[in-house]
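Undergrad: Sharing a structure, written as C-alpha cells. Questions coming.
We did not get these values from a lab; they are worked out from the coordinates using the rules stated. Here the structure is a predicted model, which means the values were calculated and not measured. When we count neighbours, we look across all protein chains shown, and the Cβ atoms used for this are built from the backbone with ideal geometry, even at glycine.
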C-alpha cells in the first residue's frame with residue numbers, strides 16, 4: 001500500500017514537473033538570451049549568459065535610446081488608475097447591490113454583470129467615434145475609462161457574491177455604533193472584502209496590461225503608446241537588434257510578474273470564496 | 001437619516017430618501033453604460049446604416065445582405081467563422097482537459113509543492129500576447145534553430161517544418177500556442193472548484209469503497225460540473241474576441257498565410273480600419289461586430305437556458 | 001434606565017405582513033424575552049426597536065420619548081448579534097471602544113468605560129487580540145462588552161447564544177443572568193430556545209406568524225398557557241396532546257374519565273405535561289410501552305394507548321420497562337389543560 005502510494009506520488013510529480021518545464025522553458029529562453037551578446041544568441045540559444053557571452057547591451061539600448069520608459073510609464077499609469085477605479089467603484093456598487101433593497105435592484109445587478117458575457121470589444125466601432133467626439137483620442141484617459149468599464153462586470157460579480165456570503169450583522173452593528181452609510185463602506189466593508197481584492201485585481205490587471213486591441217485602435221499615438229503596443233511595433237522596427245528586443249520583452253514581463261507574486265497567495269482563496277460559489 | 005426633528009404624535013415615520021444608494025451605484029453604472037453598453041448598442045444601430053453625404057443613410061438590413069450575400073464578404077466571413085469554431089473545439093478538447101487533469105493532480109491533498117506548481121502554470125497567462133507570440137515565433141523559427149536543434153536531439157529532426165508559415169498547419173500551431181498561454185485560467189477555476197468539494201463527501205465515497213480515480217470520476221467531477229459549464233462558455237466568448245491579439249501578433253492583420261488563420265477579430269479589424277488595398281468601412285465594421293454579437297448571444301443563451309440549468313440539478 | 005413601549009406596530013415586506021399590530025409595555029429594568037419558531041417575526045421586531053428596520057405603522061418609545069424617527073445610534077440602545085459582528089480588523093480594545101471613539105467621547109473616559117466592561121466580563125487579558133484569535137465564548141463576551149461600554153438605556157440581544165456549543169451556552173446563560181442582576185438594565189432578548197426563555201426572562205412574549213400569542217412570566221406561561229401553541233412550545237419535553245371528549249363536565253378518553261372541566265360537551269384537546277404523569281394502578285392512561293429511554297436520574301416512557309394515541313411520561317430513574325410492557329399512568333386534576341376546538345384554553 002505504502003509503496004504503491006509512493007509510486008503514484010512520484011508519477012504525479014513527474015507529470016507536474018514535465019508541464020512546469022513546458023511552461024517555463026520559453027520564458028527562460030527569452031530572459032537568458034536577453035543577457036547575451038548577439039553572437040552568443042545565435043551560436044548557442046540555450047546556453048547560459050556567462051563569461052564573454054554576457055552582455056547587458058540590450059537593456060542599455062532599450063532603456064536609454066528608445067521611448068520604452070515612456071511606454072512603460074503609460075502602461076503603469078493606465079493599469080494602476082484603471083485598477084483603482086475598478087476596485088473602488090466595483091466594491092461600492094457591489095456593496096449597494098448586496099446590502100440594500102430598492103426598486104429595480106435585481107435588474108440593475110443583472111445589467112451590471114452583463115458585460116461578462118458580452119465583450120466590450122464588440123462596441124469598438126461606436127466606441128472610437130465616442131472617444132474621438134469627446135476629444136480623448138490618443139489619450140491615456142480614453143484607455144482608463146474603457147478598461148474600467150470592461151473590468152467592472154467581473155469585479156462586481158465577484159465582490160457581490162462574496163459580500164452576500166458575509167454576515168450582514170456587522171454592518172448593522174456599525175449602524176448602531178453610529179456610522180454613516182459611507183463610513184460603513186470605508187471602515188467596515190472595505191476591510192471585509194480584502195481577501196477577494198487580490199483575485200479581482202489579478203483578473204482585472206492581466207487583460208489591461210497585456211491588451212493590444214484598444215491601444216492599437218484608441219491611442220496608437222507616439223505619446224500615449226502602451227508597453228504592449230510599443231513592443232509590438234518595436235519588434236517590427238528592430239528585428240536586427242535582438243538583444244534589445246529580448247530585453248524589452250523581459251522588461252514588459254516584469255510588472256505583472258511582481259504583482260502576481262504579491263497576490264498569488266490570496267488568489268485561490270479569493271476564487272474559492274467568491275467566484276465559484278456563485 | 002438626516003431627519004431627527006419631531007414627528008406628530010400619531011403619524012408613523014417615513015424613511016427618508018436613501019441618497020447613498022445612488023452615490024454608491026452611480027459612478028460604476030455611468031462609466032459602464034457610457035463606455036461598454038452604449039457603444040455596443042450604437043454599433044448595432046450603425047450596422048443598419050451606410051455611408052452617405054455628410055453622415056449615415058438608413059439602409060435596413062442591406063449590410064447584412066451584403067455580408068452574407070456578396071461572395072467577397074461571405075467567403076471571408078465564413079472562413080473566419082469556421083476558423084473560430086476550429087479554435088473553439090481545439091480549446092475544448094485540448095486546453096480544458098489538460099487544465100482539468102493538472103488541477104486534479106494539484107488538488108491531491110498529500111501533494112507537496114502545489115503552490116509552486118500553481119504559480120508556474122499560471123505564469124504564461126500573465127504574459128502579453130505580444131511577448132508570447134514573439135517567443136514562439138523565435139522558437140519555431142528555422143532561422144534561430146531552437147526547435148530544429150531540439151528535434152534533432154530527439155532524433156526527429158527531419159519532421160521539422162516552419163509550421164506558422166504553412167497554410168495547412170498555421171491555425172493549429174496558433175491554437176496550440178494560445179492553449180499554452182491560457183491553460184492557467186481554466187486550471188485555476190477547476191482547482192478552486194475541486195478544493196471546494198467537501199472533505200466529508202470524499203470520505204463517504206472512500207468508505208463506500210471507491211479508490212482515487214473513481215472518486216475523481218464519480219464524485220468530484222459531477223460536483224464541479226457547473227464550473228465545467230462556466231469554463232465552456234468563457235472559452236467560447238474568449239475564442240471569438242481575445243483570439244485577435246495573438247493572431248494579429250503572430251500572423252499580422254491579414255491573418256496569413258492566405259487568410260488561413262483569419263478569425264472574427266482580425267476580420268472585424270480589417271473591415272473597420274482597412275488593411276493595405278482594402279479601405280476601412282465603419283458601417284460594415286459595425287455589421288461584422290453585430291453579427292459577432294449575435295453569435296455570442298446565441299452561445300450565451302444556449303449556455304444559460306440549456307447547459308447551466310441542467311448542470312445545476314446536480315447541485316447539492 | 002428606561003421603559004420601552006411598542007404601540008400598534010405593523011410591518012410588511014411588499015404584500016407580506018410580518019408583524020400584525022404589536023403592543024407591549026416593557027418595565028424599567030425588566031428582562032423580556034421574545035420567543036418563537038424561526039420566521040415568526042421576533043427578530044424583525046427587535047430590529048425595528050433597534051432602528052435597523054423601518055416601521056410600516058405604529059410607534060416606539062424608550063423612556064417615554066418617541067424614538068422611531070431616530071437613527072439607531074440616537075435611540076439609547078445597544079445590540080448583541082448572533083454572529084457577534086465584531087470588526088475583524090480591530091483588536092478587542094478597538095472593538096470595545098469603537099462606538100465611543102466615533103461619538104467623540106474623550107479618550108480618558110473611553111479607557112475607563114472599556115476597562116470597566118472588560119473587568120466585568122473577564123476580558124482584561126485579551127485586550128490586544130484580534131477576533132479571529134478568540135474562542136466563540138470569548139467573542140461573545142466581547143460582543144456583550146461592546147454593548148455594555150455604550151451604557152445604553154435598553155440592551156437588545158438577537159439570539160446571542162445560538163452559535164455556541166451546548167455546554168458553553170448554559171454557562172453564558174448564567175453569566176447573562178448575573179450581568180442583568182448587576183446592571184439592572186432593561187433588556188430585550190430574542191431566542192428560539194424555550195429553555196433560554198424560561199431561565200432568563202422576567203416576562204416572555206411568545207410570537208407566532210407575526211402575532212403575539214401570549215405575554216407572561218415564565219411560570220404563568222408554564223402553568224396557564226392560553227392556547228395549544230404556547231402549551232406545546234413552552235416546556236421540555238413538549239406537552240402531550242390527546243383527543244378527548246367532554247360529557248357533562250367530565251373529560252373522557254374513550255370511556256375512561258380523566259378530569260373535571262367547565263367546558264361544554266363535545267371534542268376537546270387534553271394537554272398533559274410529561275413530568276406531571278405518574279405510574280398509577282387505577283390511572284386513566286392504559287397502554288403498551290413502545291420505547292423506554294433511561295437517562296440515569298430520570299427516564300422517558302413512550303406509551304401507546306389502547307386507542308392508538310401516544311404520550312410521553314417523565315419518570316424517576318428507579319423503575320425500568322421493556323418495549324411491549326403493559327403500563328398505566330395517572331395525572332392530578334390541577335395538571336390537566338383542556339383546550340377547545342379552536343385550540344384555546346378552557347378557563348376552569
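Undergrad: Quick one: among B:257, B:186, B:142, which has the greatest mean-square fluctuation in a GNM of chain B with alpha-carbon springs under 10 angstrom?
TA: Comparing B:257, B:186, B:142 in the GNM, the peak value goes to B:142.
Undergrad: Here's something else I'd like to know. Take peptide B:183-195, look around each residue's Cβ out to 10 angstrom, count Cβ atoms belonging to other protein chains, and average those counts.
TA: 4
Undergrad: Take C:98, B:305 and order them by how many other Cβ atoms sit within 10 Å, fewest up front.
TA: Fewest-to-most Cβ neighbours within 10 Å comes out as B:305, C:98.
Undergrad: Test of understanding: express the Cα radius of gyration of chain C as a ratio to 2.2 N^0.38 Å, with N the residue count. Mind dumping the intermediate values first?
TA: Details: Rg = 24.1 Å, N = 348, 2.2 N^0.38 = 20.3 Å.
The value comes to 1.19.
Undergrad: Expected output is a single nm value to one decimal: the length gained when fully extending between residue A:9 and residue A:257, i.e. 0.36 nm times separation in residues minus the C-alpha distance. What is it?
TA: Gain on stretching residue A:9 to residue A:257: 86.3 nm.
Undergrad: Students often check this: by mean Cβ neighbours within 10 Å, which of C:306-318, B:25-37, B:125-137 ranks highest, and how do the rest follow?
TA: Averaged packing, sorted descending, gives the order B:125-137, B:25-37, C:306-318.
Undergrad: What ranking of B:57, C:246 emerges when the number of other C-beta atoms within 10 Å of each C-beta is taken as an exposure proxy, fewest first?
TA: Listing B:57, C:246 from fewest to most nearby Cβ atoms yields B:57, C:246.
Undergrad: Right, something else. Can you put B:22, B:223 in order of Cβ neighbours within 10 angstrom, beginning with the fewest?
TA: Numbers: B:22 12, B:223 18.
Least to most surrounded, the residues fall as B:22, B:223.
Undergrad: How far is helix C:166-183 tilted, in degrees, relative to the longest principal axis of the Cα atoms in chain C, given as a value from 0 to 90 rounded to the nearest 10?
TA: Its long axis makes an angle of about 60 degrees.
Undergrad: Also, I was wondering about something else. Under the rule a/c < 1.5 gives rounded, and otherwise a/b versus b/c splits prolate from oblate, where does segment C:276-317 land using the Cα gyration tensor? Write out the running numbers ahead of the final one.
TA: Values: a/c = 2.66, a/b = 1.49, b/c = 1.78.
In terms of gyration-tensor shape, oblate.
Undergrad: Contact order normalised by length for chain C, with contacts defined as Cα pairs under 8 Å and 6 or more residues apart; what percent is it?
TA: Numbers: 727 pairs, mean separation 55.2, N = 348.
With pairs under 8 Å counted, the relative contact order is 16 percent.
Undergrad: Which whole-number value in Å³ per residue fits the convex hull of the alpha carbons of chain B?
TA: 265
Undergrad: Given R₀ = 41 Å, what would the calculated FRET efficiency be for residue A:52 paired with residue A:88, taking r from the Cβ atoms and rounding to 0.05?
TA: 0.20
Undergrad: Let me ask something else about it. May I ask you to order A:38-50, C:288-300 by the average number of other C-beta atoms within 10 Å around their residues, highest value first? Please list the in-between numbers first.
TA: On the way: A:38-50: 14.8, C:288-300: 13.2.
Ranking the peptides A:38-50, C:288-300 by packing returns A:38-50, C:288-300.
Undergrad: Sticking with this structure for a sec: Among B:178, B:168, B:243, which one shows the biggest mean-square fluctuation in a GNM of chain B, springs joining Cα atoms closer than 10 Å?
TA: Sorting by GNM fluctuation, first place goes to B:168.
Undergrad: Here's a follow-up. Taking 25 Å as R0, compute the FRET efficiency from the Cβ-Cβ separation of residue B:75 and residue B:160 and round it to 0.05.
TA: 0.15
Undergrad: Rounded to the nearest 10 degrees, what's the angle between the helix C:136-149 long axis and the longest principal axis of chain C, both from Cα atoms, 0 to 90?
TA: Here the helix axis deviates by roughly 60 degrees.
Undergrad: For chain C, take the longest principal axis of its alpha carbons; what is the angle in degrees between that and the long axis of helix C:92-102, to the nearest 10 within 0 to 90?
TA: 70
Undergrad: Run the simple label-point estimate for residue A:168 and residue B:176 please: 7 Å along Cα→C-beta, distance reported in nm.
TA: Taking the two extended label points, one gets 5.5 nm.
Undergrad: Does segment A:60-275 come out rounded, prolate or oblate by the C-alpha gyration tensor, with a ≥ b ≥ c the root eigenvalues, rounded set by a/c under 1.5 and, if not, prolate when a/b is larger than b/c and oblate if not?
TA: Prolate shape, in that a/c is at least 1.5 and a/b is the bigger ratio.
Undergrad: Need one word for segment B:94-221: rounded, prolate or oblate. Basis is the Cα gyration tensor (sqrt eigenvalues a ≥ b ≥ c); a/c below 1.5 gives rounded, then a/b vs b/c decides.
TA: prolate
Undergrad: At q = 0.22, 0.25 Å⁻¹, what log₁₀ I(q)/I(0) does segment C:94-159 have when each alpha carbon counts as one equal point scatterer in the Debye sum?
TA: Values, matching the q order: -0.94, -1.16.
Undergrad: For a Förster distance of 25 Å, can you work out the FRET efficiency between the beta-carbons of residue C:209 and residue C:341, rounded to the nearest 0.05?
TA: 0.80
Undergrad: Separate question: Would you compute, from DSSP H runs of 4+ residues alone, the mean residue ellipticity of the protein assembly as shown at 222 nm, taking -39500 (n - 2.57) per run and dividing by the full residue count, rounded to the nearest 500?
TA: -16500 deg cm²/dmol
Undergrad: Tell me, what is a quarter of the convex hull surface for the C-alpha atoms of the protein assembly as shown, in nm² with one decimal?
TA: 53.5
Undergrad: Highest GNM mean-square fluctuation, chain B, Cα pairs closer than 10 Å: which of B:278, B:76, B:95?
TA: Result for chain B, Cα springs under 10 Å: B:278 fluctuates most.
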